[in-house]
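S.K.: I am attaching a structure below and will ask some questions about it afterwards.
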Amino acid sequence: MKKIRTTTWTGTVDTAERPYETEHRKLAREAASAGFVLLKNEHDILPLDRNQKLALYGAGASKTIKGGTGSGDVNERSSVTILEGLELAGVEITTKDWIEAFNREYETSREAWKEEIWNKSETMPVDDSMKLFFAYSETPYSMPAGPMPDKTDTDTAIYVWSRVAGEGADRYCREGDYLLSEKETRILKEICALYRHVILLINAGGLVELSILDECPNIEAVLQIVQPGMEGGNAVADVLLGKVTPSGKLTDSWALRYEDYPNSGTFSHNNGDVKTEKYEEGIYVGYRYFDTFDVPVRYGFGYGKSYTDFAIEVIGIEHFHLGSDCPEIGVKVRVQNTGSRYGGREVVQVYVSCPQETIPKEYRRLAGFQKTGLLAPGAVEEMVIRFPLSALSSYSEMLPGWMMEPGCYGIFVGNSLESSAFCASLVLDDTVILERTMNICPLQEELKELTAPSEAIREKRSRWLDQAGRCPSIHIKDSDVVTGTVEYGTENSRLSKEAVQFVETLTLKQCIQLATGDPGKKQGSNLGSSGISVPGSAAQTSSCAVDSNLASIVLADGPAGLRLNKSYQVEDGAIVPMPFEMALEGGFLCREKKKPTGETRYQYCTAMPVGTLLAQTWDTELLTRVGKAIAREMEEFRVTLWLAPGMNIHRNPLCGRNFEYYSEDPLLTGIMAAAVTEGVQSQPGCGTTIKHFACNNQEDNRKGSNTVLSERTLREIYLKGFEIAIRKSQPMAMMTSYNLINGIHAANCYDLCTRAARDEWNFQGIIMTDWTTTHDGPDCTASGCIRAGNDIVMPGIPADHENMRRELEAGTLKEEELRRCVARIVKTIWESNQYEEAEE
Ligand code: BGC
């Protein structure tokens, strides 16, 4: 029998940098620079010469925002700002006076902000323990603009435009947020008047309005750095000075104006209704909308410039494993760096235009992609970009199931959606049903969905259909494709027999305790501070069966690294409880800092770039390495489950948590999540928790907002990423979202947790709720979670236990349902790193 590892205090008493920190800093730097997207580079102003002096302005110059706030934050040892990064690289900055004046404004405004939060918290209509967090979430810090600039001794200036956002609140399309503030506009225009060359860096977790580019032509370069993690400043210097050639590509469409997004009128608070969110745009999210409806964008999906040029030649198209469960298509390409000065990497993207017989569709969708290695000038790389045939299917609610219509599937290849050109085709002779399913999550009210401009799409398709005969093509017969039918209601057969037997030996009381996080915590049930033995972790499972050798596992946030407290105290053999505010903003919000007593222990974690920036790398191998690094830290601090990656779709640029998520595209999202999971789970006993399942696309009223959408949209856009991640990488866990979907809380939804995740996609891990999901009334209960197959209620409070006891007595919750959930939890715990020998 494996022995539970003995618990010692995590972290170190020594503050010296540990070897893993040094190694992971390097990786954070590499990942950041690989994800930056060069949006504009007129007259090849970039890269800059390191001997040239630079004027540096903007809030993010000295206060670079490394990541978003809330549970997605990471308490790292220290971060490198852009000012520091440039100076470390030997650049002389001419605007130190401006930066010092800005810093003074910043310190004053931070103190005022802290007071505002504490004052607001007093009147928050929530539980005492939640007051500060609610006030904090609803009051994002707004960076000051700084003083007006003066001319300094250089002709080149950089302006860093920064925005803070985080969980619990959506952003606004107003000055100071999505738009530049009036003062920022004046400063930037003045900079453009004073300096010949201006470079704009965008340091925000989500998109911002870029119409200033039309007014100021001497903003010659724009670099989208998102929120780049603790090594951001060094990574910026690497790219600006040409040590690294930019190779990131946008994972979202950047509209000309906010109003161009199809749901801009109704998103979140925009129409004054945060209770019901009707997804009227249907499947036409992001580029699927712009490309189908021919709405021009400023920068399109998949776009990003380099310091060099590439030629992409399509050599052929082939199929693999026809007649098997998972037939694949491969597009063979040859990529050459045609520049003469810089090495670089290119992302080759494959888009497909599907026939539109009976089901109207987007004009094109991403089907596959691959990033080249570093190609020196003149160097060539050949690759085959493979994707499953199922990537070309659509969901028919009538069938119900996944199907492909007969006709010509146009294959487009390029280094962005816009540049991709028709180059090959796949012809299917008859309708193919890939998988028959049940209908799930039915609409409870009428929903009018946007309809596709079928005539315009036909016309666009006809432009290349003529050439299809002259391009490489493959034919697939319907009989080449295997049809499957999902078998539902098979949860019991999927359980581990050993776990089921073990659970039979547990009392009902123990089962109830195990079906929630441990409420015996000493630090309140607030976000990110409910863990007991690893300070700053988000929760821990019950130790009630420790005598039967069942360990308690620790869960900690992500997705930009591991979120733990940077330090904590141990006194008289116990961890000194810390006020919750110590877990936010590196303890800045703490009003009365007590003199630490006892022994101080340090838990230094690496702040990686945020999710969006990681995805902008389009580099799965890199994401797997990031996952491995995070697992190394999980192992260091005895964390079993990482509460990441965040996989919600960027439905609208104002979602406060977009920075944690990858993209507007489900395929890219799913592939990136799978890559990170593969990295984390290569460390035995460590696992990811993909979240928030599903449709957590807005933060205002996130616990009460009802997402109203069609089943097809749900499946093709909002569930697809989860499905891909599960099928490809079997994450150890998944977290449900706070919101309702067609009237049912996601946490209480059997259709999602059991039918879709387990029956259809064969998910074998545990499902947990988001934190405090069951606290707000009778609509979403602990028993409801268990019935749905949502195994563990987090972080767990006595009221959850009470609810289960009551419903078990009343017979509305069956003991079998509870024991089934506990069996899945037990299996996960047995596989965890809490035993001396973790299972491979
Ligand atoms: C967030 C989750 C997070 C959890 C634990 C919640 O507020 O929505 O993403 O994992 O807190 O910190």
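S.K.: Compute, for the stretch 40-244, the length of the dipole vector about the Cα centre, with Cβ point charges of +1 (Lys, Arg) and -1 (Asp, Glu) only. Units Debye, rounded to 20. Walk me through the intermediate numbers first.
M.R.: On the way: 21 positive and 35 negative charges, 44 e Å.
Using only the charged Cβ atoms, the result is roughly 220 debye.
S.K.: Then there's this: Sort Y20, Y718, Y303 so that the residue with the fewest other Cβ atoms within 10 Å of its own Cβ comes first and the one with the most comes last. Could you put the intermediate results ahead of the total?
M.R.: Numbers: Y20 16, Y718 26, Y303 23.
With the sparsest Cβ surroundings first, the list reads Y20, Y303, Y718.
S.K.: Sum up the charges of everything whose Cβ sits under 9 Å from the Cβ of H269, counting Lys and Arg as +1 and Asp and Glu as -1, but leave H269 out.
M.R.: Working: positive: none; negative: D170, D273, D700.
Counting the neighbours of H269, the net charge comes to -3.
S.K.: Something else now. Put +1 on the Cβ of every Lys and Arg and -1 on every Asp and Glu Cβ in the chain; which of S129, F763, A631 then has its Cα farthest towards the positive end of the dipole?
M.R.: Sorting the options by dipole projection puts first A631.
S.K.: Say the cut-off is 32 Å between C-alpha atoms; which of K26/K53; K509/K703; K497/K703; K63/K131 go over it?
M.R.: Numbers: K26/K53 26 Å; K509/K703 29 Å; K497/K703 36 Å; K63/K131 27 Å.
Exceeds cut-off: K497/K703.
S.K.: Just from its helices, what would the mean residue ellipticity at 222 nm be for the chain, if runs of 4 or more DSSP H residues each count -39500 (n - 2.57) and the sum is divided by every residue, rounded to the nearest 500 deg cm²/dmol?
M.R.: Working: 20 runs with 212 residues, N = 840.
The helix-only estimate for the chain comes to -7500 deg cm²/dmol at 222 nm.
S.K.: Show the residues, 5+ positions off or on another chain, whose built amide H is closer than 5 Å to the amide H of T94.
M.R.: Amide H to amide H, under 5 Å and 5 or more residues apart or across chains, T94 pairs with L54, A55, L56.
S.K.: Going Cα to Cα from K2, which aspartates and glutamates come in below 12 Å? Please leave out same-chain ones fewer than 8 positions away.
M.R.: Once the sequence-local aspartates and glutamates are set aside, what remains near K2 is E831, E836, E837, E839.
S.K.: Put +1 on the Cβ of every Lys and Arg and -1 on every Asp and Glu Cβ in the chain; which of F422, T451, I82 then has its Cα farthest towards the positive end of the dipole?
M.R.: Among F422, T451, I82, the one farthest towards the positive end of the dipole of the chain is I82.
S.K.: Using the number of other C-beta atoms within 10 angstrom as an exposure proxy, rank T185, T485, T736 with the fewest first.
M.R.: Listed from fewest to most nearby Cβ atoms, that is T485, T185, T736.
S.K.: Would you mind pulling out the separation of the Cα centroids of the stretch 455-486 and the stretch 620-672, in Å?
M.R.: When both Cα centres are located, 34 Å separates them.
S.K.: Now a separate question. Which cross-chain or sequence-distant (5 or more) residues have an amide H under 5 Å from the amide H of Y835, H modelled 1.01 Å from N in plane?
M.R.: Hits under the 5 Å cutoff: R5.
S.K.: Right, something else. To the nearest 20 Debye, how big is the dipole of the chain about its Cα centre, given +1 on the beta carbon of each Lys and Arg and -1 on that of each Asp and Glu? Working shown, then result.
M.R.: On the way: 88 positive and 119 negative charges, 193 e Å.
For the chain, the charge dipole is close to 920 debye.
S.K.: Given the peptides 228-234, 470-476, 824-830, 358-364, arrange them by the average over their residues of other C-beta atoms within 10 Å, most packed first. Working shown, then result.
M.R.: Values: 228-234: 29.7, 470-476: 15.1, 824-830: 23.1, 358-364: 20.9.
Listed from highest to lowest mean packing, they are 228-234, 824-830, 358-364, 470-476.
S.K.: Hey, what do the phi angles of the stretch 184-190 turn into as Karplus ³J(HN,Hα) couplings, whole Hz, using 6.51/-1.76/1.60 and θ = phi - 60°, x for Gly and Pro?
M.R.: Values, residue by residue: 4, 4, 4, 5, 5, 5, 5 Hz.
S.K.: For a footprinting-style exposure proxy, rank R186, R712 by other Cβ within 10 Å, fewest first. Could you put the intermediate results ahead of the total?
M.R.: Details: R186 14, R712 18.
Result, fewest neighbours first: R186, R712.
S.K.: Take the alpha carbon atoms of the stretch 369-442, find their center, do the same for the stretch 194-214, and report the distance between the two centers in whole angstrom.
M.R.: So the two Cα centres are separated by 35 Å.
S.K.: Tell me, what ³J(HN,Hα) does each residue in the stretch 36-46 have, in order and in whole Hz, if you take phi through Karplus 6.51 cos²θ - 1.76 cosθ + 1.60 with θ = phi - 60° and put x for Gly and Pro?
M.R.: After applying 6.51 cos²θ - 1.76 cosθ + 1.60, I find 4, 10, 7, 8, 8, 7, 5, 6, 6, 4, 9 Hz.
S.K.: While we're on this one: About the Cα centre of the stretch 702-794, how large is the charge dipole given +1 on each Lys and Arg Cβ and -1 on each Asp and Glu Cβ? Please answer in debye to the nearest 20.
M.R.: Numbers: 10 positive and 10 negative charges, 41 e Å.
Taking the Cα centre of the stretch 702-794 as origin, the dipole is about 200 debye.
S.K.: With θ set to phi - 60° and the Karplus curve 6.51 cos²θ - 1.76 cosθ + 1.60, what are the ³J(HN,Hα) couplings of the stretch 236-247 in order, to the nearest whole Hz, using x for Gly and Pro?
M.R.: With coefficients 6.51, -1.76 and 1.60, one gets 4, 4, 4, 7, 4, 9, x, 5, 10, 7, x, 9 Hz.
S.K.: Tally Lys/Arg at +1 and Asp/Glu at -1 over every other residue whose Cβ is under 13 Å from the Cβ of T8; what's the total? All intermediate terms of the calculation are to be shown ahead of the outcome.
M.R.: Numbers: positive: R5, R601, R638; negative: E599, E636.
Net of charged neighbours comes to +1.
S.K.: Among A499, T485, W161, pick out the residue whose Cα is farthest towards the positive end of the charge dipole of the chain, where Lys and Arg carry +1 and Asp and Glu carry -1 on C-beta, about the Cα centre.
M.R.: The Cα lying farthest towards the positive end belongs to A499.
S.K.: Count the net charge of all other residues whose Cβ sits under 9 Å from the Cβ of R29, scoring Lys and Arg as +1 and Asp and Glu as -1.
M.R.: Taking every other residue near R29 into account, the sum is -1.
Taken together, the values in this text are just the output of simple stated rules run on the coordinates, not laboratory data. As the structure is a prediction and not an experimental result, all values here were calculated from the model. Note that we place each Cβ from the backbone using ideal geometry, even for glycine, and neighbour counts take in every protein chain shown.
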